[in-house]
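Peer 1: Please find one structure pasted underneath; my questions will follow.
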Amino acid sequence: MEPSWTNLLERRKLLRTASLGAVATAFAMKVTGADAQTAPTDPEILNFALNLEYLEAEYYLRAVTGTGLAGNGVGVNGVGGSGGTVTGGSRVAFQSRQTYQLALEIAQDEMAHVKLLRQALDTAAVAEPDINLSTSFAAAAQAAGLGAGFSPFASEADFLLGAFIFEDVGVSAYAGAAQFISSKSYLTTAAQILAVEAYHAGEIRTRLLLGGFAAQSNMIAALRAKASNAVTTSGAMPVRDHGVQASNGMVTIVDADANALAFTRTTGQVLNVVYLGKGVGTTSGGFFPSGVNGAINTVT
């Protein structure tokens, strides 16, 4: 006998209640458990985000225009002095007009985020750090099992895989920092940026799935999860990063947990990914060869 609509609704209600309970437990562990961070100030959080936006903007701008922030008239100087050196990056020979337009839109968005955060921070904005868009990608790809000599600027497919290395990390960084932002105005802005970053991640993930790069995305996601969980303290919720398609064939365009919530990363977890998994106490490496600028700069 098939269950009645009343029974189905009651069952759904119970599942929803259990799910909300799990969310509350996870939130409590995140804020008060062993993984709780010492609360940074709003400017420190915004400057940490600015470092990540510098990286993303340089990547996309160079892929679509051949030049970076400074070449597009965006200021890169700030606290710490003049903007750092960006190594690597060149115009990609896009084969698909759709992918080119997607990359161009994301480049414009990331450039706008840099401008917005610099304006919000005013004289407290940190300078752009040294950024490596060359050997960092090659090292990350090799660590993920994609082979040696990888360059995200070599082809359209490589560009999408390169973007996938850090796109979801940006989403989880904003989600993880939200609990520490005290200003409602800053929190609203951060939420709006997070939403746009999630759109970007979804676009990249969709293009990878349609292009037949599920296996490669799974390898990259496993590397990100390994780097994140290597610095996750006891009692913290693990980051279960996903590629674009599960082993059972199910699509996973939305990188979320069992409650359909975006993953969160602590600043230490984010840094261990972009520093390429060098571990607790690391202050530089990977995409930031001299480290990020600002008070939040060490893997903890």
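Peer 1: Between helix 97-121 and the chain, what is the angle of the helix's C-alpha long axis to the longest principal axis, kept within 0 to 90° and rounded to the nearest 10?
Peer 2: 80 degrees
Peer 1: Whole-Hz ³J(HN,Hα) for each residue in region 281-294, computed from phi via Karplus 6.51 cos²θ - 1.76 cosθ + 1.60 with θ = phi - 60°, x for glycine and proline: what do you get?
Peer 2: For region 281-294, the Karplus-derived couplings read x, 5, 10, 6, x, x, 6, 10, x, 10, x, 7, 8, x Hz, x marking Gly and Pro.
Peer 1: Which residues' amide hydrogens lie under 5 Å from the amide hydrogen of VAL79, considering only partners 5 or more residues apart or on another chain, with H built in the peptide plane?
Peer 2: ALA125, VAL126, ALA127
Peer 1: Run through all the Cα pairs of the chain and give the fraction in each 20 Å bin from 0, expressed as whole percent.
Peer 2: Distribution as computed: 34, 57, 9, 1 percent.
Peer 1: Work from the charge dipole of the chain (Cβ charges, +1 for Lys and Arg, -1 for Asp and Glu, about the Cα centre) and give the residue of VAL64, ASN248, ALA103 farthest towards its positive end.
Peer 2: Of the candidates, ASN248 comes out farthest on the positive side.
Peer 1: Name the residues whose placed amide hydrogens come within less than 5 Å of the amide hydrogen of GLY285, ignoring near sequence neighbours (fewer than 5 apart) on the same chain.
Peer 2: Excluding prolines and chain starts, which carry no amide H, the hits are SER290, GLY291.
Peer 1: Using the crude model of +1 on Lys and Arg Cβ and -1 on Asp and Glu Cβ, and no other charge, please compute the dipole size for region 151-237 relative to its Cα centre, in debye to 20.
Peer 2: The dipole magnitude comes to about 240 debye.
Peer 1: To continue, here is another question. Can you give the extra length, in nm with one decimal, that the chain gains between ALA148 and SER96 once fully stretched, where that is 0.36 nm per residue apart less the Cα-Cα distance?
Peer 2: Here the segment from ALA148 to SER96 would lengthen by 16.2 nm.
Peer 1: Fewest Cβ neighbours within 10 Å first, please rank THR123, THR135, THR189 accordingly.
Peer 2: Going from least to most buried by this count: THR123, THR135, THR189.
Peer 1: Please find, in a Gaussian network model of the chain (springs between Cα atoms separated by less than 10 Å), the residue of THR38, THR267, THR232 whose mean-square fluctuation is greatest.
Peer 2: Taking springs between Cα atoms under 10 Å, the residue moving most is THR38.
Peer 1: Around VAL86, which amide H atoms from residues at least 5 apart in sequence, or from another chain, sit under 5 Å from its own amide H, with H modelled in the peptide plane?
Peer 2: Amide H neighbours of VAL86, under 5 Å, 5+ apart: ILE131.
Peer 1: Counting other beta carbons within 10 Å of each Cβ, put THR85, THR264 in order, fewest first.
Peer 2: Result, fewest neighbours first: THR85, THR264.
Peer 1: Can you give me the Cα centroid spacing of region 156-216 and region 39-73 in angstrom?
Peer 2: 14 Å
Peer 1: When the Kirkwood hydrodynamic radius is evaluated over all pairs of different C-alpha atoms of region 81-134, what value in angstrom, to one decimal, is obtained?
Peer 2: Taking every pair of different Cα atoms in region 81-134, averaging 1/r and inverting gives 13.3 Å.
Peer 1: What number, in percent, do you get for the relative contact order of region 126-264 if the mean sequence gap of Cα pairs under 8 Å and at least 6 apart is divided by its residue count?
Peer 2: Relative contact order of region 126-264: 23 percent.
Peer 1: Additional query: Compare LEU271, LEU50, LEU194 in a GNM of the chain, Cα atoms joined below 10 Å, and give the one with the largest fluctuation.
Peer 2: LEU194
Peer 1: Sticking with the crude label model, points 7 Å out along Cα→Cβ, report the distance from THR135 to THR85 in nm, one decimal please.
Peer 2: Placing both labels 7 Å along Cα→Cβ, they lie 1.1 nm apart.
Peer 1: Also, quick follow-up: Compute, for the chain, the length of the dipole vector about the Cα centre, with Cβ point charges of +1 (Lys, Arg) and -1 (Asp, Glu) only. Units Debye, rounded to 20.
Peer 2: Around 500 debye, computed over the chain.
Peer 1: Taking the 0 to 90 degree range and rounding to the nearest ten, how far is the long axis of helix 42-65 tilted relative to the main principal axis of the chain, both from C-alpha atoms?
Peer 2: Roughly 70 degrees, rounded to the nearest 10.
Peer 1: I would also like to ask the following. In nm, to one decimal, how far is the modelled label at THR67 from the one at GLU105, with both set 7 Å along Cα→Cβ?
Peer 2: The modelled label-to-label distance comes out at 2.6 nm.
The numbers here are math on the coordinates, done by the rules we state, and not lab data. Because the structure is predicted, anything quoted here is derived from the model rather than measured. Using ideal geometry, Cβ is built from the backbone for each residue, glycine included, and neighbour counts are taken over all protein chains shown.
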